[in-house]
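To keep things clear, I will list the structure first and then write my remarks on it.
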Amino acid sequence: MMAEPLAPIATLQSFEIEITVNGGPWKGNVPAEEVLLDFLRYRLKLTGTKRSCESEVCGACTVLVDGKPISSCSYLAFEANGKSVTTIEGLASGGELDPLQEAFIRNMGAQCGFCTSGQIMAAKALLLDNPSPTYEQISEWLNGNICRCGCYPAIAKSILEAAEEYKNRR
Amino acid sequence: MLQPFRVLTPTNIEQASAELVRLGERATIYAGGAELILLLRYGMVHPEYLINIKCISGLSEICWDGQTVQIGATVTHRRLETDPLIRERLPLLADAESRIANIRVRNQGTLGGNLCFNDPHSDPGTALLLHEAEVVLARKDGLRQIALSDFLFGMYSTGLEPGELLQKVLVTPLPVGWCAAYLRVHRYQRPTLNVAVAAKLQNGAVEDARLAVGCVGPKPQRLSELEAKIRGEKLDGAKRICADSKPYLKDRLAPVDDLLGSADYKIYMAAVLLSRALSQASRSNGKG
């Protein structure tokens, strides 16, 4: 059962926002102080995005805003107004997993799995920016996505394989 | 959850300044939020109002006026890392920017926010000191321009006066034919310490040099005495002088013990990095 967020003492200001989340429109009011992570997890029940360090360090809460990776724990939800947000739930389409998801499964790019949605979203952003990254570029781009199980080699291998797969599908 | 606040969205810098004057300590400037949201979460600041300056036109621009690169306060780190003009004219800054924390922080955080927060463990300030950068500060009744070295006053404190905000940073490229390098050591996202070095080399000797060190004490500093000392020296001699400069650095930098390293460690590594950065700069083939 999912814990509800603590009710704020009293919201002072709300914003009416219109955003696209995983391809679908969303329109409504959000308190000024609501961060995107809480918006996604509690308002939209998209719990694939994980809360962890809440300090922009670990990468577990990584989502894409207009294709760019951000820490949803520290990004005010109203800032997404007019923008497109992609979370781990938005990667599979028509019942088919994204090549990144398939590669992570194939290579066991996770042990406990808590960081995985953040890893995959960071990798997605990388492949949007650079469809043919080197191992070194992968490690630079994902240096802010921490895996305490230490699955880094399998994560990097998965990203290299997914990059090839994207090219084959094109 | 963050404590509730209101957001004001001025459309020009005079309005923003007027709000700062009107609200005083009840308000704080919100640029990228990379630092501010953390301070709000940890309860270290309790503003009633965030003054969102992202909608002020001009603040997110980078332009070249023929002599200096003008960088608006809300330009993000990621943009400085990738912008063709910055990479061409200020490659040292682009390099330093590319090392900041992680890709998400660089997408969100701004140069203005970074300088105004003035965390002593930070990348851009050290690189900008090498360029003798200036900052333009705006108030509703006008502008003033001061050296970045005066602006970066001390740990988490700046030369901003009440009602004032940072409008832009003016950065002059290194003279033609100079080479440069930026080095840092880090165990976490912030640099434990960093150095920026630029030099003009002629026949294997240091004709002129600029040296800066950050994170060792309360603020990044230029090392003018050490710069004078290595002028005219052969590269190897200059490297040795830097490597032997620990007593001077200790005296000059007001080193402090902190969570990222002891004062002794940081002084030791600053000397090592200065020497190493001279080597690296000399191999960079004049590409500033």
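The values are calculated or read from the model by the stated rules, or taken from the named source; none is laboratory data. This structure is a prediction, so every number in the text was calculated from the model and none was measured. As a convention, Cβ positions derive from the backbone with ideal geometry for all residues, glycine included, and neighbour counts pool all protein chains shown. For the accessible areas, the whole protein counts, side chains as well, though only heavy atoms, and no ligand, DNA or RNA atoms are used. Shrake-Rupley method; radii C 1.70, N 1.55, O 1.52, S 1.80 Å.
At a glance:
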{"read-out": "Selected from B:262, A:10, A:26, residue furthest toward positive end of dipole (the protein assembly as shown; charges at beta carbon)", "value": "B:262"}
{"read-out": "Convex hull of the stretch B:82-141 built on C-alpha atoms - directionally averaged projected area, nm²", "value": "5.1 nm²"}
{"read-out": "Descending principal axes extents, chain B, alpha-carbon based, whole Å", "value": "59, 43, 32"}
{"read-out": "Distance from the stretch B:175-201 to the stretch B:56-127 (C-alpha centre basis), Å", "value": "15 Å"}
{"read-out": "Computed E for residue B:233/residue B:54 - FRET, C-beta separation, R0 56 angstrom, nearest 0.05", "value": "0.75"}
{"read-out": "Cβ-derived FRET efficiency at R0 51 Å, residue B:136 paired with residue A:93, nearest 0.05", "value": "0.60"}
{"read-out": "Given charges at beta-carbon only (K, R positive; D, E negative), |dipole| of the stretch B:132-288 in Debye", "value": "460 debye"}
{"read-out": "Three-way shape label, the stretch B:134-211, alpha-carbon gyration tensor, a/c 1.5", "value": "oblate"}
{"read-out": "Histogram of C-alpha separations across the stretch B:1-147, 5 Å bin width, %", "value": "2, 9, 18, 23, 20, 15, 9, 4, 1, 0"}
{"read-out": "Solvent-free Debye scattering, log10 I(q)/I(0), computed from the Cα coordinates of the stretch B:96-174 at q = 0.11, 0.13, 0.22, 0.26 Å⁻¹", "value": "-0.28, -0.39, -1.06, -1.34"}
{"read-out": "Cα point-scatterer Debye curve for the stretch B:130-288, base-10 log of I(q)/I(0) at q = 0.09, 0.10, 0.18 Å⁻¹", "value": "-0.32, -0.40, -1.09"}
{"read-out": "The stretch B:80-217: C-alpha pair distances exceeding 21 Å, %", "value": "43 percent"}
{"read-out": "For the protein assembly as shown, alpha-carbon Rg relative to the globular expectation (2.2 N^0.38 Å, N residues)", "value": "1.02"}
{"read-out": "Rh (Kirkwood; distinct C-alpha pairs) - the stretch B:1-51, Å", "value": "11.2 Å"}
{"read-out": "Column: log10 I(q)/I(0), Debye, Cα scatterers of chain A, q = 0.09, 0.14, 0.20 Å⁻¹", "value": "-0.31, -0.72, -1.33"}
{"read-out": "Candidates A:40, A:97, A:76, ranked by Gaussian network fluctuation over chain A, Cα under 10 Å, top entry", "value": "A:97"}
{"read-out": "Accessible area (Å², per residue) of chain B, counting only protein heavy atoms and a probe of 1.4 Å", "value": "42 Å²"}
{"read-out": "Selected from A:52, A:93, A:84 as most flexible by GNM, with chain A as the system and alpha-carbon contacts under 10 Å", "value": "A:93"}
{"read-out": "Debye, to nearest 20: dipole size of the stretch A:63-128, +1 on Lys, Arg Cβ, -1 on Asp, Glu Cβ", "value": "140 debye"}
{"read-out": "Rounded to the nearest 20 debye, dipole of chain B from Cβ charges on Lys, Arg, Asp, Glu", "value": "680 debye"}
{"read-out": "Separation of alpha-carbon centers, the stretch A:15-53 and the stretch B:214-288, rounded to whole Å", "value": "47 Å"}
{"read-out": "Selection from B:53, B:72, B:282 lying farthest towards where the dipole of the protein assembly as shown points positive, charges on Cβ", "value": "B:282"}
{"read-out": "Dipole-positive endmost among A:63, A:87, A:76 within the stretch A:62-109 (Cβ charges, Cα centre)", "value": "A:76"}
{"read-out": "Viscosity 1.567 mPa s, temperature 4 °C, Stokes-Einstein D of the stretch B:225-280 from Kirkwood C-alpha radius, µm²/s", "value": "112 µm²/s"}
{"read-out": "Rg in Å to one decimal, and Dmax rounded to a whole Å, for the stretch B:17-98 via C-alpha atoms", "value": "15.5, 44"}
{"read-out": "Equivalent ellipsoid dimensions for the stretch B:206-247 as semi-axes, Å, which come from the Cα gyration tensor, largest first", "value": "20, 11, 7"}
{"read-out": "Exposure rule at most 13 other beta-carbon atoms within 10 Å, DSSP loop trypsin sites (Lys or Arg not before Pro): chain B longest free segment", "value": "B:1-186"}
{"read-out": "Convex hull volume per residue for the stretch A:36-110, taking Cα atoms only, in Å³", "value": "104 Å³"}
